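The values are calculated or read from the model by the stated rules, or taken from the named source; none is laboratory data. This structure is a prediction, so every number in the text was calculated from the model and none was measured. Note that each Cβ is placed from the backbone with ideal geometry, even for glycine, and that neighbours are counted across all protein chains shown. SASA here: full protein model, heavy atoms, side chains in, ligands and nucleic acids out. Shrake-Rupley method; radii C 1.70, N 1.55, O 1.52, S 1.80 Å.
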Amino acid sequence: MLNDPAVAFPLALAGNALLSFGMVLQKRHIAFLVRRSRDASPGDPGRSTGRRDRLGWISGFTLVNVAPVFNYLALLGLSPNVVAAVIGSNVAFTALFSRFLLKEAIGPRSLLLSLVLFAAIGLAGLRGIAPGGAPPAGAAPLGGTATEGLVYLFLALPALAALVALGLRRRFRGEGLAIAIGGIAGALGGFAILPMKLLGALADPSLASWLLHPWLWLYLLASASSFTIVQLAYKDGRMGSVAPAFYGLQVLWPALASLSVFSLPFDPLQYLAFAAIALSVALIAGGGRGRRPGFPAAP
C-alpha cells in the first residue's frame, strides 16, 4: 500500500506539517537554549516561564525528529525529487503556524507567493509521479560506484559552504548571513533524502544491514548538521526570512542531486516548476529583510 503514490503523497504532506510545527515551536521557545533559567523562588513567574520554554522546545525537537519517518515511508511510493518538492509545503505550513504562535503577520504579497509556490509544488509532484511510485523510466539502478561518488559530492558542497559561512559569522552577523546559513542548513537537510532513499532500496532492510552501509551514517551526519546550523540562523534572523531559505534549498538541492545521482530523465516542465519554487522562495525571503530579528515576547 505504501508504494501507492496516492498514499505516499499525503504521508509526505503530513510529515512536513509536523516538521514545520516542530520548528516553529523551537523558534517560539528558543530562549531555553540562549538564556539560563533565572534563579527564582518556586512562586516566581520567571521559573514557570523557563519550564514552559523547556517543554515547548523539547516538544518541537520531538516533532522534528518524528517527521523523517513520514518521508522515509513516502519514499517507498515516490521518487526523491517528488518528496523534495513536497518539502516546499513547509513554507506555507510555517507561515500559518508562525501567524498563530509567533504573531508574525502574513501579508498579501507573501500569501500570493505562497499560492504560486504551492501550485509549482503540485506541478513538480504530478510530473514526477510514476506508476507504483517507481522512478521514471530510464533511471539508473541505485548504489553503483558512480552513484556513490556523486552522493558524497552533493554532501561535500554544502558542508564546505557551511564552514565558510560559520567562519564569516564569527566576524559579523546580520539578516543576510542568517538567510544564507538557513539555506545551507536546508541543503544539508534536503541531502538526507538521498541516503534515505538508498537505505530503502537495500535488499536487506534490517537495522543490521543499515549499520554496515554508509547511507545511514551519511543520513545522520547531514540531519544533525542541518539541525545544529539552522539553530544559529534562527538566533540571528526572523523565522519569516530564514524558513523560506531553509525550505527552498531543502527542495532544490535534492531535486538537482537526484537528477544526477539517480539518473532521472530531465523533464523541462518539472524543472521549470522547481525554478518557480526557487523564485517564490527568494521573493518571500527578500520580503522579510530589513526587519529587526528577535525572539517573541515571553508570555
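Tabulated values for the structure
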{"read-out": "Apportionment of accessible area to carbon and sulfur, the range 168-256, percent (1.4 Å)", "value": "68 percent"}
{"read-out": "FRET efficiency for Y271 and R52, using Cβ-Cβ distance with R0 set to 45 Å, rounded to 0.05", "value": "0.50"}
{"read-out": "Accessible area expressed per residue, the range 183-269, with surrounding protein chains retained (probe 1.4 Å, Å²)", "value": "33 Å²"}
{"read-out": "Three principal axis lengths of the range 65-112 [C-alpha, angstrom, descending]", "value": "37, 24, 9"}
{"read-out": "Surface accessible to a 1.4 Å probe, Y72 within the full protein complex, Å²", "value": "50 Å²"}
{"read-out": "The range 180-248, relative contact order in percent, only Cα pairs under 8 angstrom and at least six apart counted", "value": "56 percent"}
{"read-out": "Set of lysines near K103 by C-alpha distance (under 18 Å), chain-local residues within fewer than 8 positions excluded", "value": "K27, K235"}
